[in-house]
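Here the structure comes first, spelled out in structure tokens, and everything after it is commentary.
The values are calculated or read from the model by the stated rules, or taken from the named source; none is laboratory data. Here the structure is a predicted model, which is why all the values come from computation and not from measurement. Quick reminder, even Gly has a Cβ in these numbers, built from the backbone with ideal geometry, and neighbours come from all protein chains shown. All accessible areas refer to the heavy atoms of the entire protein, side chains included, with ligands and DNA or RNA removed. Shrake-Rupley method; radii C 1.70, N 1.55, O 1.52, S 1.80 Å.
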Amino acid sequence: MTDATTTRKRAAAAVTTAGEGGRAKRSPSPRSTRSVNWRMGLEIAVFVLPALVLFFMFVVWPMLRAVQFSVYRWKGFGPLTDFVGLRNYISVLTNDVFLGALGHNLFIVVASVAIQLPLGIAVALLLNRKMKFQGLLRTIVFIPYILAEVIAGVVWFQLLQPRYGVIDSILAGLGIQGPAQGFLGTPDLALWTVMVVLTWKYLGFAIILFLAGLQGVPQELDEAAQIDGASWWQTQRYITIPLLGPTLRTWAFLSMVGALQLFDMVWILTGGGPANATTTMATFLINEGTKRSNYGIAGAASVVLFVVALTMALLYQRFILSRDTADSDKRKVRR
Amino acid sequence: MTSATAAAPAATRRRRLGTTNPVVYFIALVVAAFSLGPVLYSILGGFRSNAQLAESPAGMPDPWVWSNYAGVLTNPNFWRYGLNSMIIALLTTAVVVVFGLMAAYPLSRYQFPGREKIYMIFVLGLLFPATVAVIPLFIIISKDLGMSNTWWGVALPQAAFALPTTIVILRPFLQAIPGELEEAAMIDGASRMSVFTRIMVPLSAPGLITVGVLAFVGSWNAYLLPLLLLQGDMRTLPLGVADFSTEHSSDTAGVFAFTTLSMIPAMVFFLTMQRRIVGGLQGAVKG
């Protein structure tokens with residue numbers, strides 16, 4: 001018995017790299033190795049194919065169809081026959097509404113980081129101190145993030161009603177009169193108002209991520225700095241925040257990708273109005289695709305959105321995230 | 001030396017506790033009020049009448065009105081939308097967890113040529129914004145597959161778009177499982193399949209819960225794809241809330257009641273799964 005087990009173990013160890021230990025032991029001829037490989041291939045296929053098929057069917061194929069739509073003029077029925085080359089792209093890229101939408105997306109990308117990064121760090125550093133109700137506070141801060149954007153949007157739409165909304169009424173109590181058309185109805189204010197609502201919705205996400213990152217900052221460093229006489233602020237500025245770098249950079253990336261795809265909140269709050277002051281690329285392509293059935297234009301806008309997102313992702317990866325990978329390589333070498 | 005290192009943290013801790021001054025509590029209070037204010041207002045708004053809301057928008061319910069909430073709870077559409085949301089979220093979660101784990105298993109534990117290439121396909125999927133594909137998806141699902149206005153028509157594409165995150169989170173979990181366990185089971189005559197179901201699935205449970213929660217929340221809150229694909233009785237809760245608020249725009253109190261009750265499932269789910277969700281987000285960031 002003991003003998004058999006040892007033999008089996010040895011044989012198993014010899015072929016574990018190929019998987020299928022026990023079977024190979026019985027007949028270690030080249031033919032059976034091939035059949036083992038064949039079996040393994042089959043297993044891999046059975047395991048991986050469902051996900052791959054699903055992914056190609058509902059992610060890759062639609063992406064390719066978007067590219068296909070973008071070079072045709074198509075209203076949604078009949079075959080794709082009216083090939084127009086790059087004309088849809090030209091019409092999208094010279095369309096003031098689309099260029100405005102692109103500008104709004106870029107504004108939101110920049111403003112999200114510019115507003116939420118300092119606020120998020122400040123609140124996270126505060127919440128990271130030992131204090132009462134810390135757990136409760138973390139939960140509260142995170143609540144806006146878990147609500148559906150639509151539900152949050154509907155609530156804010158009510159709060160922001162001109163005159164009858166609670167925000168206008170509080171302002172009136174302070175002697176300030178809200179804009180006549182409401183914050184969402186005034187073209188100059190609408191995008192900033194959307195930005196405030198987005199900050200409310202997503203600041204909690206930043207804070208929770210930063211707090212998680214702060215747990216990874218070794219306490220000893222902090223303590224060492226304090227013993228050396230560094231003030232609380234100096235400790236944060238020169239030790240904690242730099243060590244939080246990877247978390248901050250990853251968060252900024254997620255925030256950027258989200259801002260480029262922004263749809264739900266804008267659709268509920270303003271529908272892209274007033275006077276296209278808040279359109280985003282996503283609301284533009286949904287409008288063209290569903291309301292006007294200009295599938296070619298929607299396809300071209302989708303491809304442009306994709307190219308913008310991909311370019312930003314690659315640039316970000318190349319110039320900003322690459323530091324983190326370089327850092328971790330260094331760390332590995334040291335280890 | 002030992003006593004010095006032991007004493008230092010205690011001293012710092014005391015100092016830190018000391019620095020938590022009223023200003024910090026005040027800022028914390030402001031942040032909490034900012035976060036919670038709109039939600040509380042919505043809850044209280046549901047307890048007021050439209051006349052109360054119009055007369056003094058910033059007031060408290062006086063008297064408390066229960067009819068708005070009662071109206072929503074006796075509205076069959078509310079329950080139907082909730083049921084649709086629940087079924088679609090469960091289908092999405094089931095598909096993404098099962099398919100995602102199956103794919104992550106060979107991608108983390110088998111050695112074969114092309115493994116990293118297949119993995120890269122899914123990783124690149126992280127870069128595809130779902131919005132880009134939404135118009136063609138609408139055409140494919142409604143015209144080519146004839147699945148518009150069905151639960152599966154929304155659940156399958158949602159699961160497909162959740163696959164990249166799922167596989168990227170699960171792979172390190174599976175890789176961390178010691179190979180000896182697998183070998184030992186196979187020496188005892190277990191097949192690959194039973195190694196998978198009896199060892200890999202139970203040992204990767206924490207990762208599975210995380211990706212499951214993320215997929216569920218994503219589906220529960222989804223708006224764009226359901227907006228294009230679902231109408232009438234098939235609508236989900238976010239669609240129902242949006243439509244209710246436009247159809248009953250003069251009944252502000254009713255809108256608050258409907259919206260508030262729609263928040264509850266997500267809140268309850270979050271409060272019970274808080275640690276998992278936060279853990280999952282951390283994992284996503286590190287991954």
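Scanning the stretch B:203-217 for residues that are small (Gly, Ala, Ser), closer than 15 Å to B:Pro172 by Cβ and part of a helix (DSSP H, G or I), we see that the one that is nearest to the other protein chains (Cβ to nearest Cβ) is B:Gly207. Here the stretch A:157-180 is the region considered, the condition is being of a type outside the set (S, T, N, Q) and open to solvent by less than 20 Å² (accessible area, probe 1.4 Å), and the residue that is nearest to the other protein chains (Cβ to nearest Cβ) is A:Val166. Can you find a residue in the stretch B:57-65 that is farther than 23 Å from A:Ile167 by Cβ, at pLDDT 85 or above and exposed (fewer than 13 other Cβ atoms within 10 Å of the Cβ)? Checked against the condition, which is being farther than 23 Å from A:Ile167 by Cβ, at pLDDT 85 or above and exposed (fewer than 13 other Cβ atoms within 10 Å of the Cβ), the stretch B:57-65 yields at least one hit.
Among residues that are assigned by TED's automatic domain parsing to the domain that holds A:Pro118 and either over 23 Å from A:Asn105 (Cα atoms) or within 22 Å of the chain's Cα centre (by Cα) (or both), A:Ala190 is not included. Taking the conditions (1) more than 8 Å from chain A (Cβ to nearest Cβ); (2) in a helix (DSSP H, G or I); (3) touching a Lys or Arg at 6+ places or on another chain (Cβ under 8 Å) in turn, B:Ala190 satisfies each one other than (2). Can you work out which of the residues in the stretch B:235-264 that are within 7 Å of chain A (Cβ to nearest Cβ) and within 12 Å of B:Tyr81 (Cβ to Cβ) is surrounded by the fewest Cβ atoms within 10 Å (Cβ to Cβ)? Filtering the stretch B:235-264 for residues that are within 7 Å of chain A (Cβ to nearest Cβ) and within 12 Å of B:Tyr81 (Cβ to Cβ), the one surrounded by the fewest Cβ atoms within 10 Å (Cβ to Cβ) comes out as B:Ala242. For the stretch A:131-156, the tally of residues that are open to solvent by less than 20 Å² (accessible area, probe 1.4 Å), more than 7 Å from every other protein chain (Cβ to nearest Cβ) and not hydrophobic (A, V, I, L, M, F, W, C) stands at 1.
Beta carbons closer than 9 Å, at least 6 apart along the sequence or on distinct chains, pair a first residue in the stretch B:153-177 that is assigned to a helix (DSSP H, G or I) with a second that is among the charged types (D, E, K, R) and open to solvent by 20 Å² or more (accessible area, probe 1.4 Å) for B:Pro172/B:Lys286; B:Leu174/B:Arg109; B:Gln175/B:Arg109.
The one condition from (1) out of contact with any Ser or Thr (no Cβ under 7 Å at 6 or more places or on another chain); (2) buried (at least 21 other Cβ atoms within 10 Å of the Cβ); (3) within 26 Å of A:Leu54 (Cα to Cα); (4) facing chain A (nearest Cβ under 8 Å) that B:Ala104 does not meet is (4). If only residues of the stretch B:214-234 that are crowded, with 23+ Cβ neighbours inside 10 Å and out of contact with any Leu (no Cβ under 9 Å at 6 or more places or on another chain) are counted, the one that is modelled with the lowest pLDDT is B:Ala215.
Please go through the stretch B:228-240 and pick out each residue that is part of a helix (DSSP H, G or I) and within 18 Å of the chain's Cα centre (by Cα).
Scanning the stretch B:228-240 gives B:Leu237, B:Pro238, B:Leu239.
Meeting the requirement of 3 or more residues that are farther than 30 Å from A:Thr311 by Cβ and β-branched (Val, Ile, Thr), the helices (runs of 4 or more DSSP H) wholly within the stretch B:45-138 are B:76-109. The residues listed here are B:Ala51, B:Ala89; of these, the one that is without any contact (Cβ under 8 Å) to a residue 12 or more places away in the chain and open to solvent by less than 80 Å² (accessible area, probe 1.4 Å) is B:Ala51.
For the stretch B:142-152, taking the residues that are part of a helix (DSSP H, G or I) and open to solvent by 40 Å² or more (accessible area, probe 1.4 Å), the one that is nearest to B:Tyr105 (Cα to Cα) is identified as B:Trp152. Restricted to the stretch A:181-223, and to residues there that are assigned to a loop (DSSP other than H, G, I, E, B) and without any contact (Cβ under 8 Å) to a residue 60 or more places away in the chain, the residue that is nearest to the other protein chains (Cβ to nearest Cβ) is A:Gly216. The selection criterion, being in contact with a helix residue (DSSP H, G or I) (Cβ under 9 Å, 6 or more places away or on another chain), at pLDDT 90 or above and assigned to a helix (DSSP H, G or I), holds for A:Ile297. Within the stretch B:98-113, residues that are on the phi < 0 side of the Ramachandran plot sit with their Cβ atoms under 9 Å from residues that are in a helix (DSSP H, G or I) and among the acidic types (Asp, Glu), at 6+ positions apart or across chains, in these pairs: B:Pro106/A:Glu43; B:Leu107/B:Glu116; B:Arg109/B:Glu182; B:Tyr110/A:Glu43. Scanning the stretch A:97-109 for residues that are closer than 29 Å to A:Ala309 by Cα, surrounded by fewer than 22 Cβ atoms within 10 Å (Cβ to Cβ), aromatic (Phe, Trp, Tyr) and assigned by TED's automatic domain parsing to the domain that holds A:Gln215 turns up at least one hit.
Kindly indicate whether any position in the stretch A:118-130 is away from chain B (no Cβ under 11 Å) and modelled with pLDDT of 90 or more. Yes, the conditions are met somewhere in the stretch A:118-130.
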